Amino acid sequence: MDEQTPDARDELAADIDRVCRLEGEFVVRSGAVVPEYFDKYLFESDPVLLRRVAEAMVRLVHADTDLLGGLELGGVPIATMMSSLTGLPALFVRKAPKAYGTRRLAERADVAGRRITLVEDIVTTGGAARDATVALREQSATVEVVVCTIDRSEPGANRLHELGLETRSVLTRADLDRAREAARS
Ligand SMILES: O=P(O)(O)OC[C@H]1O[C@H](OP(=O)(O)OP(=O)(O)O)[C@H](O)[C@@H]1O
Ligand SMILES: O=C(O)c1cc(=O)[nH]c(=O)[nH]1
């Protein structure tokens, strides 16, 4: 697939920022309290925006990927759309194994020996991606890349590289701040 043009990227940043940036006081997954929150459900529930996001994320997926592992919950609609765009099968990765039925953590089939690209909406500290990586590697999957829509991590906060995991984002916090500034001027 062609690279995304700088204009298309700027346009996506502006639209995502306008739709999903909230101001207030928010507790995030890591337990920190932050004054701004990117509510991914506000762009994931818009079919046109979800598709644009998924198209941009597909460009970040390595060719040798076997499965697109959407992280519960916000990663699941994105992984599903990416699966539809690429034909790669999706995997739905729960935060914890289901307590009954198949008792699976990763919904689809065994992941042993499969190369999984994780699909995440927002990376703040990388904690959710870390937990999923550890759990999937325990099931003998290969996990080396996480693709995300927004990397809002502060410098040094994302330590996924220590797990040998590469983070590839469509947009960073700086992209969204620039888009916001441009919209104001
Ligand atoms: O990088 P981190 O510090 O892990 O934070 C980001 C993660 O936290 C949020 O998920 P949340 O647990 O709120 O779940 P949801 O997708 O189920 O709404 C977000 O969607 C990421 O998965
Ligand atoms: O870190 C998080 O939990 C988090 C941050 C954010 O901006 N948006 C979100 O959905 N989760």
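The values are calculated or read from the model by the stated rules, or taken from the named source; none is laboratory data. Quick caveat, the model's predicted, so the values are computed rather than measured. Note: ideal-geometry Cβ built from the backbone for every residue, glycine included; neighbour counts use all protein chains shown. Just the protein is used for accessible areas: all its heavy atoms, side chains included, with ligands, DNA and RNA removed. Shrake-Rupley method; radii C 1.70, N 1.55, O 1.52, S 1.80 Å.
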Which ones in region 118-137 are buried (at least 21 other Cβ atoms within 10 Å of the Cβ) and of a type outside the set (Ser, Thr, Tyr)?
-> 118, 119, 120, 121, 122, 123, 126, 128, 129, 132, 136
Residue 77 versus (1) touching a Leu at 6+ places or on another chain (Cβ under 6 Å); (2) in a helix (DSSP H, G or I): which is the lone unmet condition?
-> (1)
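Please count how many residues of region 50-70 are of a type outside the set (Lys, Arg) and surrounded by fewer than 16 Cβ atoms within 10 Å (Cβ to Cβ). I'd like the intermediate steps shown before the answer.
First, pick out the residues of region 50-70 that are of a type outside the set (Lys, Arg): 50, 53-58, 60-70.
Restricting the remaining residues to those that are surrounded by fewer than 16 Cβ atoms within 10 Å (Cβ to Cβ) gives 62-64.
Qualifying residue count, region 50-70: 3.
Per-residue answers, yes or no, for (1) out of contact with any strand residue (DSSP E or B) (no Cβ under 6 Å at 6 or more places or on another chain); (2) farther than 23 Å from residue 14 by Cα:
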| residue | (1), (2) |
| --- | --- |
| 132 | no, yes |
| 142 | no, yes |
| 150 | no, no |
| 153 | no, no |
| 163 | yes, yes |
| 172 | no, no |
| 180 | yes, no |
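Quick check on region 94-117. Is at least one of its residues assigned to a helix (DSSP H, G or I), surrounded by fewer than 22 Cβ atoms within 10 Å (Cβ to Cβ) and modelled with pLDDT of 95 or more?
Kept after step one, since they are assigned to a helix (DSSP H, G or I), are these residues of region 94-117: none.
No, that holds for no residue.
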Selection from region 1-49 of residues that are of a type in the set (Val, Ile, Thr), surrounded by fewer than 17 Cβ atoms within 10 Å (Cβ to Cβ) and in contact with a strand residue (DSSP E or B) (Cβ under 9 Å, 6 or more places away or on another chain) = 27, 28, 33, 34
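Can you name every residue in region 118-137 that is in a helix (DSSP H, G or I) and within 16 Å of ligand 2 (Cβ to nearest atom)?
As a first pass, look at region 118-137 and keep what is in a helix (DSSP H, G or I): 127-137.
Scanning region 118-137 gives 127, 128, 129, 130, 131, 132.
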In the set 26, 38, the lone residue that is among the hydrophobic types (A, V, I, L, M, F, W, C) and touching a residue at least 60 places away in the same chain (Cβ under 8 Å) is 38
Filter region 17-46 for residues that are part of a loop (DSSP other than H, G, I, E, B), within 18 Å of residue 179 (Cβ to Cβ) and near ligand 2 (Cβ under 10 Å from one of its atoms); the one that is farthest from the chain's Cα centre (by Cα) is 39
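How many residues are touching a residue at least 24 places away in the same chain (Cβ under 8 Å) and either open to solvent by 50 Å² or more (accessible area, probe 1.4 Å) or assigned to a strand (DSSP E or B) (or both) if we restrict to region 138-162? Steps first, please.
Here is the first cut: in region 138-162, the residues touching a residue at least 24 places away in the same chain (Cβ under 8 Å) are 139-153, 157-160.
Those left that are additionally either open to solvent by 50 Å² or more (accessible area, probe 1.4 Å) or assigned to a strand (DSSP E or B) (or both): 139-140, 142-151, 159.
Counting residues in region 138-162 that are touching a residue at least 24 places away in the same chain (Cβ under 8 Å) and either open to solvent by 50 Å² or more (accessible area, probe 1.4 Å) or assigned to a strand (DSSP E or B) (or both) gives 13.
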So which residues in region 80-93 are open to solvent by less than 70 Å² (accessible area, probe 1.4 Å) and either among the hydroxyl-bearing types (Ser, Thr, Tyr) or in a loop (DSSP other than H, G, I, E, B) (or both)?
-> 80, 83, 86, 87, 88, 89
